[in-house]
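Have a look at the structure below, then the notes.
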Amino acid sequence: MKKYLGILLILTIFNSCQTAAKKENNLQEKYRPSYHFSPKKGWMNDPNGMVYLDGTYHLFFQHNPDTTVWGPMHWGHATSTDLIHWEEHPIALFPDSLGTIFSGSAVIDKDNTAGFGKGALVAIFTHHNPKIEEAKTGLHQYQSIAYSLDKGKSWTKYVGNPVLPNPGIWDFRDPKVMWHAGSGQWVMTLATKQSITFYGSKNLKEWTRLSEFGNEVGAHGGVWECPDLLRFETPEGDKWVLLVSINPGGPNTGSATQYFVGDFDGTTFRSDQKDIRWMDYGPDNYAGVTFSNTENRQILMGWMSNWAYANTVPASSWRSGMTIPRTLSLQKVSERWLLVSTPITDELGAWDTQEKGGVQVKNGTDDWSKYIGEANGAFELSFALDKVATFDLVLSNGKGDELVLGFDEATNQFFVDRSKAGDANFSPTFIKRTVAPRILDAETLTYRLLVDRNSVEIFADGGLSNLSSLFFVEQPFDLLMFRSSTTVNVRDLRVKVIK
């Protein structure tokens, strides 16, 4: 009998420990996104080295595995076949005697130009030397390379690093490399203080300065970072887009990404653009770059946070996630070529799509909660209005949290108000209400939002006006109200729920 009671006591304690562990795990995971990538543990910021190889997308990322705040940078590594379901792998690149591993890119060296092997995967990254002596001289950042012969499973750093020494520039980082067929060379797009400098190389090891862009154009409220040079085919011929992240100085304060439309001849990027154009007006889409080796398709992912408060957002064992991958394209609006972003969810079989058709809302509120009740806070919703009108979408839950988003016709702005969406007081720099101008002058308005357990991404007017925002609720949103002070006709209402 005593033996039986002893076993029963042990089982009771074991079950109690399991329950406590499960509760603790749920507490730690309460802000974990459902379909956006986030690291298993530790800190994450910029996406790095993104490349498509043999049916697999490789995402490397700025990573501090030992704590949930920014620190000694490594390259974390994850892969996916559909850009939604990710498998995290062991760390790819560790700090060494040359410094920590800052942002960069990866290419497939199909013709063995570097001599590491035909089809080698080559990473080009910034070494950041934290030693005080180097920092005082401004020579603490320089570019290095590493290569993989087993599709990214293991990496060897080049013995001749750094391949591009610092010429005396304090901010000298974030190389994005591409092959430019017209000039028969690798082209590196590099952030250099508040400009972008282009370098060329035949072998990824020896680099020559080509040109510089940006000193007198664009936004200059902060340092320029994480550039990317993209080619688009248009009816008017090839157009080139230069992405430049800036911190601070964004349209809603803090971090953001601007872009320039122009031409590139293999040596010089030129643009006649006089206005400042933002890829995403939301506060939580930064350092976004595209995957290489995707032929003519440009697929971008960004870091879903903002340097104004990134180190202080609620977290437990991990901190930060990525945006939904987006396909980029160009659209001509009023004689301006503008960048368009659309989420890749259209092509994924992981979504259960429900067609809801049309709804007429007469001077009041329509309850759409039934459409998202089973989504557990992770869904996509889209619709169109036959006529532009002010409207609110109010997401809420049983705890009284509210996220309000919509369009204000008086100011011609889309907006997100997260002031009551859970914890919004962890930092005085956390931006409570953000806005984006309506760029398209059309009578019909289209609206698309992706909601995850801690974020919303809005793609309005087909992806011309975008807003990406974090929020921190402990209980998923399961209530949704559509409000308008006028009668509006809602058509093409669709809901997609992640399976």
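Applying the selection to segment 106-131, what residues are under 20 Å from PRO167 (Cβ atoms), surrounded by 23 or more Cβ atoms within 10 Å (Cβ to Cβ) and of a type outside the set (Val, Ile, Thr)?
Once the filter is applied, which keeps residues that are under 20 Å from PRO167 (Cβ atoms), surrounded by 23 or more Cβ atoms within 10 Å (Cβ to Cβ) and of a type outside the set (Val, Ile, Thr), segment 106-131 yields PHE125, HIS127.
Return the only residue of LEU93, LEU98 being within 23 Å of the chain's Cα centre (by Cα) and either closer than 25 Å to PRO314 by Cβ or aliphatic (A, V, I, L, M) (or both).
LEU93
Of all residues in segment 132-159, which are outside any loop (DSSP other than H, G, I, E, B), touching a His at 6+ places or on another chain (Cβ under 6 Å) and either buried (at least 20 other Cβ atoms within 10 Å of the Cβ) or not assigned by TED's automatic domain parsing to the domain that holds PHE102 (or both)?
Matches in segment 132-159: GLN141, TYR142, SER144.
Here are some residues: GLU474, GLU409. Which one is surrounded by fewer than 19 Cβ atoms within 10 Å (Cβ to Cβ), more than 25 Å from THR353 (Cβ to Cβ) and touching a residue at least 24 places away in the same chain (Cβ under 8 Å)?
GLU474
Sort out which residues of segment 116-172 are out of contact with any strand residue (DSSP E or B) (no Cβ under 7 Å at 6 or more places or on another chain) and among the small types (Gly, Ala, Ser), and write them in order of number.
GLY117, ALA135, GLY138, GLY160, GLY168
What are the pairs with Cβ atoms under 9 angstrom where one residue, in segment 137-159, is modelled with pLDDT under 95 and the other, located anywhere, is assigned to a loop (DSSP other than H, G, I, E, B) and of a type in the set (Gly, Ala, Ser)? Sequence gap at least six, or different chains.
Once the first residue is modelled with pLDDT under 95 and sits in segment 137-159, its partners that are assigned to a loop (DSSP other than H, G, I, E, B) and of a type in the set (Gly, Ala, Ser) give THR137/GLY168; GLY138/GLY168; LEU139/GLY168.
Of everything in segment 195-225, what is part of a loop (DSSP other than H, G, I, E, B), modelled with pLDDT of 95 or more and within 26 Å of the chain's Cα centre (by Cα)? Give them in sequence order.
Across segment 195-225, the qualifying residues are GLY214, VAL217, GLY218, ALA219, HIS220, GLY221, GLY222.
Restricting attention to segment 262-291, and to residues there that are closer than 25 Å to LEU210 by Cα and crowded, with 21+ Cβ neighbours inside 10 Å, which single residue is nearest to the chain's Cα centre (by Cα)?
GLY288
How about segment 322-342: which of its residues are under 30 Å from TRP70 (Cα atoms) and crowded, with 23+ Cβ neighbours inside 10 Å?
MET322, THR323, ILE324, PRO325, ARG326, SER341
Please tell me if SER382 is touching a residue at least 24 places away in the same chain (Cβ under 8 Å), surrounded by 15 or more Cβ atoms within 10 Å (Cβ to Cβ), closer than 30 Å to PHE232 by Cβ and in the same structural domain as LEU243 (by TED's automatic domain parsing).
No; evaluated as a whole, the condition is false for this residue.
Kindly evaluate LEU493 against the criterion of being farther than 28 Å from TYR286 by Cβ and crowded, with 17+ Cβ neighbours inside 10 Å.
Yes; evaluated as a whole, the condition is true for this residue.
Condition first: within 22 Å of THR253 (Cβ to Cβ), assigned to a strand (DSSP E or B) and either out of contact with any His (no Cβ under 8 Å at 6 or more places or on another chain) or among the polar types (S, T, N, Q) (or both). Now tell me which residues in segment 298-324 satisfy that.
GLY302, TRP303, ARG319
Scanning segment 312-328 for residues that are out of contact with any Phe, Trp or Tyr (no Cβ under 7 Å at 6 or more places or on another chain) and of a type in the set (S, T, N, Q), which turns out nearest to ASP284 (Cα to Cα)?
THR323
Tell me whether segment 160-180 contains one or more residues that are closer than 17 Å to GLY49 by Cα and exposed (fewer than 15 other Cβ atoms within 10 Å of the Cβ).
Within segment 160-180, none of the residues are closer than 17 Å to GLY49 by Cα and exposed (fewer than 15 other Cβ atoms within 10 Å of the Cβ).
The values are calculated or read from the model by the stated rules, or taken from the named source; none is laboratory data. Just so we're clear, the structure is a prediction, and the values are computed from it rather than from any experiment. Virtual Cβ from ideal backbone geometry, glycine too; neighbours counted across all protein chains shown.
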